[in-house]
Amino acid sequence: MEVRVANVRKEFERFPALHDVSLDIKSGELIALLGPSGSGKTTLLRLIAGLERPTRGNIFFGDEDASHKSIQERNVGFVFQHYALFRHMTVADNIGFGLKVRHGSSRPPAQEIRRRASELLDLVQLSGLEKRYPAQLSGGQRQRVALARAMAIEPKVLLLDEPFGALDAQVRRELRRWLREIHDATGHTTVFVTHDQEEALELADRVVVMSQGRIEQVGTADDIYDAPNSPFVYGFIGESSSLPVKVENGEIWLADRPIGLAAPPNEPSGEATLYFRPHHVELLDGCSGCIAGTVAASRRVAGTRRVELEIGGERQRVEIELPVDHPAAQKSRVAFRPGRWKLFPPA
Amino acid sequence: MPDPEIKSYEPHHGSRSAAVTESRPARVALMAVAFAFLGIFLVLPLIIVFNEAFAKGIDAYTEALGNPDTRSAIRLTLLVAAISVPLNIVFGISAAWAIAKFEFKGKAFLTTLIDLPFSVSPVISGLVYVLLFGAQGLLGSWLKAHGIVILFAVPGIVLATVFVTFPFVARELIPLMQEQGNGDEEAALSLGANGWQTFWYVTLPNVKWGLLYGVLLCNARAMGEFGAVSVVSGHIRGLTNTMPLHVEILYNEYNAVGAFAVASLLAGLALVTLVLKTLLEMRYGAEIAATRGH
């Protein structure tokens, strides 16, 4: 099922939580809504589910305007951060709940409901736990049951609100891989909310980066990581360094020296901020047209060495990453030029 | 950078350190005061009630309880409880649901209002009904014209009892429902359940022990209420006397055995309530809003 969010605005008691958000989700896609807390990502998910109503704008399921449908009518599977399993019901009863509350002829017989529950338990790899109560399960198991329960109603769209947020790192990684497998096997259109960029980039087909009630960028992990389109995305996803620069005569200047980078054709002259990734740098020997700095600190971070440089008279600090055994790491002065970079208006 | 070898020394939480405990004589003295107090003000009166009730033997006791007026008082008390407790359950669940699950104007006001019967003297609540429904009252002439009798009759007693007891269930459920939040209900709705199914299959089971606890306290109060009921009942023997009122009448007539026999039933109710309450607290303490004691 395709989902289209068109110019949606949501206010809570006059405070805007989402400003004019539009998003197209393709059928069968696995989408991550990524952002810091307060960015509106959970609000967007709840709007798609029908747990909230938009102040303005529409939400389409396929060609149908679902904006004014209730959550029951939308037929979505929703997985909550804290599972929201019914504590007084067994695992099998939890999973069967959505079928049991159906009316008339659409309700399967009790035996069929039990069979469906067992089938779904097999799918989430919890076979044989039908008679357990939620309190007797671990966090990871509970989240699996919650997912099985959401899938039992054969939803058009699967929505997950920080599904792994309450689990510890090890279980999280495991469930991440597992969710991807389930998605590939069942083909549900799936949207999940997370504030963990690693989770979003690793798991999703496309990532929606949100900040302050707006969508900053939508793209694949490669798009988002290699070509961030705003200072926010640069700062929020991965590591980034920035320097205040000047654009003059089509060239980029740091203080009074050109750094050997040509400004993009349409870039207006004047102040700007240069953003780049610490590992997207080209080390240079001499320095005619480069950024040069004194090594202020050098740290070993996993497979690389992260060097903090003090640049020029204005004592700007930037970080770059070097291979661990690179000779430049031993020197007191390092010269480099960013390989991939982008200019934004001055901060 | 802090040295990882240096461990910080934090006091152990959970176990009591020597600094906060008292010396042995002090502890003994404190406990003695507490037990002496309980003994004089609670246990002793209870013993006296049963002692007086059986002072003239078991036959006198059963005879006193067999008295027609006494039986009628017992019946009326059971009737009042049978009406006011279910009303309370309906009101308590509705009010708790509204306050815990919705945002609306006047919520704080409603919350305060629910506590009103606790803060006002029961006699005043009875008097309010007299002023409302009495012959000279606000609605008195209208009621008389339509032949409806409220005051000095069973309806008035029920109304006064409902008023005095209505905080019990609501106050148990509000903190419990607030703590549980809306998550389970949202999950049920997302799975296709309608409002009624959500309430019946999800909300109610989540609060059942808290509800039972509230009902227990509400019942004890409904059967034991004196002040408010006394004002509106009219004390008509065999008709509008509840057990607590009947105890007073018998006592004033120097019928000690009769008075204490009925009192022993009320005391027995209190003991049963206490035991059930303790059992509920022991077994389901976490599910009952323990923040609020009665």
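Observations, loosely collected:
Residue-by-condition table, conditions (1) among the small types (Gly, Ala, Ser); (2) without any contact (Cβ under 8 Å) to a residue 12 or more places away in the chain; (3) within 14 Å of another protein chain (Cβ to nearest Cβ):
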{"position": "B:Thr112", "(1), (2), (3)": "no, yes, no"}
{"position": "B:Ala145", "(1), (2), (3)": "yes, yes, no"}
{"position": "B:Ile148", "(1), (2), (3)": "no, yes, no"}
{"position": "B:Gly183", "(1), (2), (3)": "yes, yes, yes"}
{"position": "B:Gly195", "(1), (2), (3)": "yes, yes, yes"}
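- Considering residues of region A:35-62 that are under 27 Å from B:Asn206 (Cα atoms) and touching a helix residue (DSSP H, G or I) at 6+ places or on another chain (Cβ under 7 Å) only, the residue farthest from the other protein chains (Cβ to nearest Cβ): A:Glu52
- Residue match in region B:20-41 (condition: on the phi < 0 side of the Ramachandran plot and touching a helix residue (DSSP H, G or I) at 6+ places or on another chain (Cβ under 9 Å)): yes
- The criterion of at least 3 residues that are among the hydrophobic types (A, V, I, L, M, F, W, C) is met, among helices (runs of 4 or more DSSP H) falling completely within region A:196-278, by A:197-203, A:231-236.
- Some residue of region A:86-95 being among the acidic types (Asp, Glu) and crowded, with 16+ Cβ neighbours inside 10 Å: yes
- Qualifying positions in region A:233-256 - out of contact with any Ser or Thr (no Cβ under 9 Å at 6 or more places or on another chain) and of a type outside the set (Val, Ile, Thr): A:Gly238, A:Glu239, A:Ser240, A:Ser241, A:Glu251, A:Trp253, A:Leu254, A:Ala255, A:Asp256
- Residues that are facing chain B (nearest Cβ under 10 Å) and in contact (Cβ under 8 Å) with a residue 24 or more places away in the chain were ranked within region A:97-117; the one that is farthest from B:Leu189 (Cα to Cα) is A:Leu99.
- Hits in region A:162-179 - residues which are of a type in the set (Gly, Ala, Ser) and either away from chain B (no Cβ under 14 Å) or out of contact with any Ser or Thr (no Cβ under 8 Å at 6 or more places or on another chain) (or both): A:Ala166, A:Ala169
- Exactly one residue among A:Ser118, A:Ser230 is of a type in the set (Ser, Thr, Tyr) and under 19 Å from A:Gly96 (Cα atoms), and that residue is A:Ser118.
- In region A:63-96, the residues that are in contact with a Lys or Arg (Cβ under 8 Å, 6 or more places away or on another chain), farther than 26 Å from A:Pro109 by Cβ and more than 12 Å from every other protein chain (Cβ to nearest Cβ): A:Ala66, A:Ser67, A:His68
- For the residues B:Pro68, B:Pro86, the requirement of being at pLDDT 90 or above, assigned by TED's automatic domain parsing to the domain that holds B:Thr165 and exposed (fewer than 11 other Cβ atoms within 10 Å of the Cβ) singles out B:Pro68.
- Filtered residues of region B:161-186 (kept if part of a helix (DSSP H, G or I), of a type in the set (Gly, Ala, Ser) and more than 14 Å from the chain's Cα centre (by Cα)): B:Gly183
- In this structure, B:Ala193 does satisfy being in the same structural domain as B:Phe133 (by TED's automatic domain parsing) and assigned to a loop (DSSP other than H, G, I, E, B).
- Subset of region A:308-347 [surrounded by 11 or more Cβ atoms within 10 Å (Cβ to Cβ) and in a helix (DSSP H, G or I)]: A:Ala328, A:Ala329
Yes/no matrix, rows are residues, columns are (1) more than 14 Å from every other protein chain (Cβ to nearest Cβ); (2) touching a helix residue (DSSP H, G or I) at 6+ places or on another chain (Cβ under 9 Å):
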{"position": "A:Arg142", "(1), (2)": "no, yes"}
{"position": "A:Ile153", "(1), (2)": "no, yes"}
{"position": "A:Leu160", "(1), (2)": "no, yes"}
{"position": "A:Glu181", "(1), (2)": "yes, no"}
{"position": "A:His188", "(1), (2)": "yes, yes"}
{"position": "A:Val209", "(1), (2)": "yes, yes"}
{"position": "A:Tyr234", "(1), (2)": "yes, no"}
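- Residues that are within 22 Å of B:Leu87 (Cα to Cα) and over 23 Å from the mean Cα position of the chain (by Cα) within region B:129-152 comprise B:Val130, B:Leu132, B:Phe133, B:Ile148, B:Val149, B:Ile150, B:Leu151, B:Phe152, listed in sequence order.
- Count of region B:197-215 residues which are among the aliphatic types (A, V, I, L, M) and within 11 Å of chain A (Cβ to nearest Cβ): 3
- In the condition set (1) within 14 Å of chain A (Cβ to nearest Cβ); (2) under 30 Å from B:Leu138 (Cα atoms); (3) of a type in the set (Val, Ile, Thr), B:Val162 is compliant with all but (1).
- Checking A:Asp205, A:Asp168, A:Asp184 one by one, the residue that is closer than 20 Å to A:Ile224 by Cβ and surrounded by fewer than 20 Cβ atoms within 10 Å (Cβ to Cβ) is A:Asp205 and no other.
- Qualifying helices (runs of 4 or more DSSP H) (wholly inside region B:19-106; at least 3 residues being within 30 Å of B:Ser230 (Cβ to Cβ)): B:44-53, B:57-66, B:68-101
- Among the numbered conditions (1) crowded, with 22+ Cβ neighbours inside 10 Å; (2) not in a loop (DSSP other than H, G, I, E, B), the only one that A:Leu23 does not meet is (1).
The values are calculated or read from the model by the stated rules, or taken from the named source; none is laboratory data. None of these values were measured; they are calculated from a predicted model. Please note: Cβ atoms are built from the backbone with ideal geometry, for glycine as well, and neighbour counts cover all protein chains shown.
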